[in-house]
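The values are calculated or read from the model by the stated rules, or taken from the named source; none is laboratory data. Not measured: the values here are computed from a predicted model. Virtual Cβ from ideal backbone geometry, glycine too; neighbours counted across all protein chains shown. Surface accessibility is based on the protein's heavy atoms, side chains included, excluding ligands, DNA and RNA. Shrake-Rupley method; radii C 1.70, N 1.55, O 1.52, S 1.80 Å.
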Amino acid sequence: MIEVKNIEVCYGEEKALDKLSLSIDKNTTCAVIGASGCGKTTLLYTLAGIIKPASGNIFIDGEELNGIRKGTGLILQDYGLLPWKTVWDNIAFSLKSRGFKKDEIDDKVSTTLKSLGMEEYSEKLPGELSGGQKQRVAIGRTLALEPDLLLMDEASSALDAITKEHIQNLILNIYKESQITLVMVTHNIEEAVFLGQKIIVMDDGKIKHILDNPYFGDENLRNNLDFYKVCLEVRKWLNEEA
């Protein structure tokens, strides 16, 4: 579904992405991991059409990307919720901006809240929610638009360990039910191994290594010794000097 061909992104004299090429199959998941400043968030925002590469091309479903794409959903690290709007209205807002009719909006918001287990919080403001609940709303607001490509920037970085695992389980279930293509950026090795069929290790604007994860998709994977073997493999590549 995604073909990235020799893209370069520069911030002044610094190359954030350096002739990077990448292929991601349709209806698969890809976790991008690396140290701060390696270019992973720049890659995500370039895939979202927010950042335009100085050179190179990106193709999604065979069409060249030349800006923000209707079928792409982006979930930000800081949730991006409107603090003065209720949970219901935050989810409805994205639908209203796309021109959906009121009946469609009501139906989609209700279905989304139910699927996320957030029905009882529909009239709450973001400031009245926990971090995990805010993340569920952010996910729901994007999923209500039914994207075929979902991009996630540090989806659970601000959450405690238990809530982090709950959100990761939710993301895995969403993927299984909707069969979207998922690309996520993370600093967390365990998250990358739990959610990534393909794990991309980045360094200095380039892809350092790609691991295929044969254990992806098992909800009980964290209880499996093989999970930690893959984590150690990812850690080795993160720590290995280029």
### Task
Compare L195, L82, L74 in a GNM of the chain, Cα atoms joined below 10 Å, and give the one with the largest fluctuation.
L82
### Task
Compare K102, K134, K85 in a GNM of the chain, Cα atoms joined below 10 Å, and give the one with the largest fluctuation.
K102
### Query
What does the charge count near M1 come to, summing +1 for each Lys or Arg and -1 for each Asp or Glu among other residues with Cβ under 10 Å from its Cβ?
-3
### Task
Please give the solvent-accessible surface of R69 in Å², to the nearest 10, using a probe radius of 1.4 Å with every protein chain present.
50 Å²
### Query
Going by accessible area, probe 1.4 Å, with all protein chains left in place, what is the ranking of T46, T111, largest first?
T111, T46
### Query
Using the alpha-carbon atoms, what tilt in degrees (0 to 90, nearest 10) does helix 87-97 show relative to the longest principal axis of the chain?
70 degrees
### By accessible area with a 1.4 Å probe, ligands and nucleic acids excluded, highest first: order of S122, S55
S55, S122
### Query
Based solely on its DSSP helices, what 222 nm [θ] is calculated for the chain when runs of n ≥ 4 H residues each add -39,500 (n - 2.57) and the sum is averaged over all residues, nearest 500 deg cm²/dmol?
-11500 deg cm²/dmol
### Message
Modelling each spin label as a point 7 Å along the Cα-to-Cβ direction, I'd like the D103/S21 distance in nm, to one decimal.
### Response
5.1 nm
### Message
Report for the chain the percent antiparallel among DSSP-assigned beta bridges with both residues inside it, nearest 5.
### Response
55 percent
### Query
In whole percent, how big is the carbon plus sulfur part of the accessible area of the chain, probe 1.4 Å, protein atoms only?
48 percent
### Query
In the Gaussian network model of the chain, springs joining C-alpha atoms below 10 Å, which of E190, E13, E119 carries the largest mean-square fluctuation?
E13
### Task
Pull out a ≥ b ≥ c, the square roots of the eigenvalues of the alpha-carbon gyration tensor of the chain, then state rounded if a/c is under 1.5, prolate if not and a/b is larger than b/c, and oblate in the remaining case.
oblate
### Query
In the full protein assembly as shown, how much of R222 is accessible to a 1.4 Å probe, in Å² to the nearest 10?
40 Å²
### Solvent-accessible surface ranking, highest first, for T41, T186 at 1.4 angstrom
T41, T186
### Query
Which FRET efficiency, nearest 0.05, do W237 and E146 yield, Cβ-Cβ r, R0 30 Å?
0.30
### Radius 14 Å from Cβ of D153, net charge of other residues (Lys, Arg +1; Asp, Glu -1)
-2
### Message
Compute the helix-to-body angle for 131-143: its Cα long axis versus the longest principal axis of the chain, expressed 0 to 90° and rounded to tens.
### Response
90 degrees
### Summary
Heads up, region 137-242 by the C-alpha gyration tensor (a ≥ b ≥ c square roots of eigenvalues; a/c under 1.5 rounded, else a/b over b/c prolate, else oblate) looks prolate
### Query
Tell me, what is the 1.4 Å probe accessible area of E233, in Å² to the nearest 10?
70 Å²
### Task
Specify the angular offset, from 0 to 90 degrees and rounded to the nearest 10, of the alpha carbon long axis of helix 102-116 from the longest principal axis of the alpha carbons in the chain.
60 degrees
